[in-house]
Amino acid sequence: MNNLSKSSQLFDRSKKVTPGGVHSPVRAFQGVGGTPPFIDSASGATLTDVDGNRYLDFCMSWGPLILGHQDPDIASAAIAAISKGCSFGTAEASSLALAELITGQIPWVEKVRFVNSGTEAVMSAIRVARGATGRNKILKFDGCYHGHSDAMLVQAGSGLTEMATPNSAGVPAETTRNTLVAPLNDIQAVETIFTAHGTDIAAVIIEPVPANNGLLLQRSDYLDKLIAITRSHGALVIFDEVITGFRLAFGGAAEVFGMEPDLVTYGKIIGGGFPVGAYGGRAELLDQVAPNGPVYQAGTLSGNPVTMSAGLAAVSKLLHENPYKQLAERTAQLAQNIEAIAREESDIPVTVQAQGSLFWIIYGEITSNDGAVRIPEQIPAAHKDYFRQSFHTLLNNGIYMAPSAFEVGFLSTAHSSEQMENYLGAFGHAIRELSA
Ligand code: PMP
């Protein structure tokens, strides 16, 4: 067992001054139980906690750190920026450089606006879509997460209706009245909703590779049809690529699938580990935004020079090193090895769904027709409990997975082959313990 005595003291103190002791809920470990290690430092693919325990990290700050912790190029860019000033609140050139790099490489992103989180990016993209179309309704999908703005904090309503209901206290039903929810992987449901509400729908928003409720892989022909139906009704397509942007390919899932949404949201990787978000798309749409157009959106620290410099270093390095093919191959190999170990060492069915450098280990038997989990309802009932138990065995063997059965794993370029072997050893241990 790891000695977590200092973390435990800090956690007790934190709970007195902060809800749940944390500044974002999953960090509190309620999904797995136990004390969250308080991390003191990180380097490459390794976290070190305040008690001196070291962990191989597969959470990687929830996705931004595709180049690992403390990438030297990102760190030196951020330090150089800090030495010139932490924030100007003026026009400045590092945000220009990042915007030019993104729009230069992803042709359908003609203009981009930087914000401070993925939540803000989505909120703003939706506002642009509503402003540009003069329509109010937004269609989202059950199993996709788009941040914590009121209109997106919804769950599907009761059985036969697609109307959303708030899934958080403090969200008035009025603010979700214009949010419609459809099941993923069901094009008929989308058609039905458009038939009923088509002329009121401003946009459809989707994570093209949904990675917030496990990794719910969607078929590209489903996405193709979704785009076609949306456009045939005069609505806009928003790809939420906060996780997948610059991770699955430089141009994200859109590049992988060869698709061009009308609007896109980014975050995570483009800030190099600093708080960030962005929304982009055709110039005609982005020119709806103030000061050019009537859609208001602003931010004190938006385009912060430290964030922008770190993001520019990250994105430039990704462009030049193009690690995507190798990351995807290594992740696919990891997935195969995990499944093989589970087969050899236990009776528990284990399936790994992976795309690019994202992976999700599914415990329990998958009963869908095609053997894949594409909607939340297809997640095996046993998955959560198996995950929770294996989580602690892994943690005690120096592996840090995101502390929830429904979060994905993130591979970075900093994960070495030796570290991957260590992980597989620990996984073998965990799966044997689960079967025993
Ligand atoms: N959209 C997606 C697809 C996300 O994964 C997230 C966060 N994980 C968000 C939006 C919200 O981003 P943030 O946490 O930066 O507000």
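Each reported figure results from applying straightforward, stated rules to the coordinates on display, with no laboratory input. Computed from a predicted model, the values in this text were never measured in an experiment. Positions of Cβ are generated from backbone atoms using ideal geometry, with glycine treated the same way; all protein chains shown enter the neighbour counts.
Counting only DSSP beta bridges with both residues in the chain, what percent are antiparallel, rounded to the nearest 5?
Looking only at bridges with both residues in the chain, the antiparallel portion is about 60 percent.
With just the Cα atoms defining each centre, how far is the range 51-94 from the range 372-408? Give it in Å.
Using only Cα atoms, the two centres lie 28 Å from each other.
Would you work out the relative contact order for the range 107-207, in percent, from Cα pairs under 8 angstrom that are 6 or more residues apart? Intermediate values should be presented prior to the final figure.
Working: 144 pairs, mean separation 32.7, N = 101.
Relative contact order for the range 107-207 comes out at 32 percent.
If I model a spin label as a point 7 Å beyond the Cα along the Cα-Cβ vector, how far apart are those points for residue 319 and residue 377 in nm?
Each label point is offset 7 Å from its Cα along the Cβ direction, giving 4.5 nm.
Distance from the Cα centre of the range 411-434 to that of the range 136-199, in angstrom?
The two parts, judged by their Cα centres, are 38 Å apart.
What FRET efficiency would be calculated for the residue pair residue 43, residue 188, taking the C-beta separation as r and a Förster radius of 41 Å, to the nearest 0.05? Don't jump to the answer; show the numbers that get you there.
Details: r = 49 Å, r/R0 = 1.21.
Efficiency, from the Cβ-Cβ distance: 0.25.
Under the 0.36 nm per residue contour assumption, what length would be gained going from the current alpha-carbon distance of residue 436 and residue 79 to full extension?
123.5 nm
Would you kindly state how much longer the chain becomes between residue 396 and residue 110 on full extension, computed as 0.36 nm times their sequence separation minus their alpha carbon distance, in nm to one decimal?
Net length gain for the segment: 98.2 nm.
Given R₀ = 25 Å, what would the calculated FRET efficiency be for residue 385 paired with residue 22, taking r from the Cβ atoms and rounding to 0.05?
E between residue 385 and residue 22, to the nearest 0.05, is 0.60.
Over its Cα atoms, what ratio of radius of gyration to 2.2 N^0.38 Å does the range 229-301 give?
1.21
For the residue pair residue 87 and residue 287, what label-to-label distance in nm results when each label sits 7 Å from Cα along the Cα-to-beta-carbon direction?
3.1
Multiply the residue gap between residue 231 and residue 348 by 0.36 nm, knock off their C-alpha separation, and tell me the result in nm, one decimal place.
Working: separation 117, 0.36 × 117 = 42.12 nm, distance 4.40 nm.
Full extension from residue 231 to residue 348 adds 37.7 nm.
Give me the Kirkwood hydrodynamic radius of the range 245-287 in Å, from all C-alpha pairs, to one decimal place?
11.1
Name the most mobile residue of 232, 94, 316, meaning the one with the largest mean-square fluctuation, in a Gaussian network model of the chain with Cα contacts below 10 Å.
Evaluated over the chain, the most mobile residue of the options is 232.
Kindly list the residues of the range 11-54 that lie in the label zone of residue 3, defined by a backbone N under 18 Å from the point 7 Å along the Cα-to-C-beta vector.
The answer is 11, 35-41, 48-54.
Using only DSSP helix segments of four residues or longer, with each worth -39500 (n - 2.57), what per-residue ellipticity at 222 nm results for the chain after dividing by its residue count and rounding to 500?
Rounded to the nearest 500, the figure is -11500 deg cm²/dmol.
Which three extents, in whole angstrom, do the alpha-carbon atoms of the chain cover along their principal axes, largest first?
Taking max minus min along each principal axis of the Cα atoms, the chain gives 59, 57, 45 Å.
With no solvent and one equal point scatterer per Cα, compute the Debye intensity ratio I(q)/I(0) for the range 47-112 at 0.12, 0.20 Å⁻¹ and report its log10, rounded to two decimals.
Scattering profile of the range 47-112, log10 relative to I(0): -0.53, -1.03.
Springs between alpha-carbon atoms under 10 Å, Gaussian network over the chain: tell me which of 369, 167, 178 tops the mean-square fluctuations.
369
Structure shown: which of 225/384; 268/384; 84/317 lie over 28 Å apart, alpha-carbon to alpha-carbon?
225/384
Can you work out D for the range 336-436 in µm² s⁻¹ from Stokes-Einstein, where Rh is the Kirkwood radius over C-alpha pairs, the temperature is 25 °C and the viscosity is 0.890 mPa s?
176
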